[in-house]
Amino acid sequence: MTTPCAFLGFSPAARSIHILRHCLLLLWCTAPLAAVAQTKPPDAAAPAAVPTLAENLSITPKFGQTQDQLASDRAECQLWAKGQTGFDATQYGGGVAATDYSARRQLYGRAMAACLEGHGYSVRFVAPAAPPPSYRTPAAPPPAVVAPTPVVMRPVQPARPELRYRPFTFQIDGGYTVTTAPTDQLLDDGTNVGFGFGWFPTPALPIGIRVDGSYSWFRAKDGLLNAGNFNSGHENFYGGDADLQLNLARNSSAVQVYLFGGAGWYREQTVLRQVSIVNGYVCGWYFCQPGYFPAVTAEQRTTSDWHHAWNAGVGIEFPIADRASFFLEARYLRILPNSDQTKFVPIRVGLRF
């Protein structure tokens with residue numbers, strides 16, 4: 001009687017030992033492969049995070065985007081972020097001024113992060129990786145020694161004088177007086193001198209009070225001389241005015257235009273002479289001889305009472321020093337009573353302190 005395994009030529013015990021030996025050999029050969037298989041990381045469900053050094057961003061796909069898709073999305077976002085912030089990561093210095101570099105770079109990174117998150121990526125900011133030593137920017141050479149620029153000392157230009165508020169002022173003036181009809185039929189144009197004081201209570205109001213005194217001299221015309229058969233003469237007017245002055249608004253401290261007007265009191269003094277040719281002796285330094293010469297044979301002096309007057313005028317003022325100014329003004333002056341029709345236009349220049 002034969003067994004089912006008799007055709008192998010081995011007994012059952014021998015075959016068992018032979019199979020066990022082959023099993024141990026197979027186990028010994030496959031153990032290292034199992035160890036290697038255990039150390040290999042499992043396949044990731046999505047590509048690993050890709051740091052983008054240009055924008056200092058770490059980008060992780062959320063929906064399994066490929067590296068090609070990531071590169072395409074990043075290029076699209078770079079163009080969009082550049083258009084939004086003006087910062088170009090492909091240019092040295094971002095293509096912006098050095099003073100704007102930090103701010104523009106931060107705005108550019110935020111724009112990139114917002115765009116990539118909208119394309120389905122998880123984005124976070126990371127510190128930029130340090131480049132290898134061979135790619136590091138070489139140290140800048142020491143700055144060249146530049147000779148100092150010589151300093152040119154220029155004379156200090158004096159400040160221009162300005163019109164400033166002064167509560168109290170004093171002025172001296174003089175000028176030419178024009179006679180108007182009907183006074184111009186009796187008197188020639190004349191001259192005048194004067195002085196005055198001013199008071200402006202506060203700089204908040206452009207109104208002040210001024211008191212002016214003046215003396216005017218006029219040569220008599222034939223209309224006045226022929227009334228008494230006189231040959232020469234003159235009239236003097238002296239008195240004063242109490243006026244209000246209004247400083248007009250100005251755009252510059254270099255000029256001031258003002259208006260003034262008020263009432264006054266004046267007195268008139270008339271001197272008329274009669275000159276005749278007389279026979280007598282004409283004397284020089286060392287001798288006298290007979291001859292004819294003019295002589296005053298009669299003189300008339302009259303002085304009127306004080307008469308009321310009124311005036312109105314305009315003036316302009318310019319600064320010439322810290323507390324001094326030059327002014328030019330003209331006024332219309334009329335001395336009462338109205339029946340005398342005494343009218344003048346004094347034009348004066350002066351200094352005000």
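Rounded to the nearest 10 Å², what accessible area does SER325 have for a 1.4 Å probe in the complete protein model?
For SER325, solvent-accessible area is about 0 Å².
Order the peptides 233-244, 194-205, 90-101 from the highest to the lowest mean number of other Cβ atoms within 10 Å of their residues.
Result, highest mean Cβ count within 10 Å first: 233-244, 194-205, 90-101.
With a Förster radius of 41 Å, plug the Cβ-Cβ distance of PHE326 and SER276 into 1/(1 + (r/R0)^6) and report the FRET value to the nearest 0.05.
So the FRET efficiency works out to roughly 0.30.
Classify the stretch 192-269 as rounded, prolate or oblate, taking a ≥ b ≥ c as the square roots of the eigenvalues of its Cα gyration tensor: rounded when a/c is under 1.5, otherwise prolate if a/b is larger than b/c and oblate if not.
In terms of gyration-tensor shape, prolate.
Given R₀ = 45 Å, FRET efficiency for ARG110-ALA144 by Cβ-Cβ distance, to 0.05?
0.70
Sticking with the crude label model, points 7 Å out along Cα→Cβ, report the distance from LEU79 to SER232 in nm, one decimal please.
Distance between the two pseudo-spin positions: 10.7 nm.
To the nearest Å, what is the center-to-center distance of the stretch 181-229 and the stretch 62-98, using C-alpha atoms only?
After rounding, the separation between the Cα centres reads 88 Å.
Can you compute the modelled spin-label distance between THR202 and VAL345, with each label point 7 Å from Cα toward Cβ, in nm?
Here the answer is 3.8 nm between the modelled labels.
Using a simple spin-label model with points 7 Å from Cα along the Cα→Cβ vector, what separation in nm is obtained for GLN91 and TYR165?
Distance between the two pseudo-spin positions: 5.6 nm.
May I ask you to list the residues of the stretch 315-353 whose amide nitrogen lies under 18 Å from a point 7 Å from Cα along the Cα→beta-carbon direction of VAL178?
315-316, 328-335, 342-350
The values are calculated or read from the model by the stated rules, or taken from the named source; none is laboratory data. Since the model is a prediction, treat every value here as computed from it, not as a measurement. So basically every Cβ, Gly included, is an ideal-geometry build from the backbone, and we count neighbours across all protein chains shown. For accessibility, only protein heavy atoms count, side chains too; no ligands or nucleic acids. Shrake-Rupley method; radii C 1.70, N 1.55, O 1.52, S 1.80 Å.
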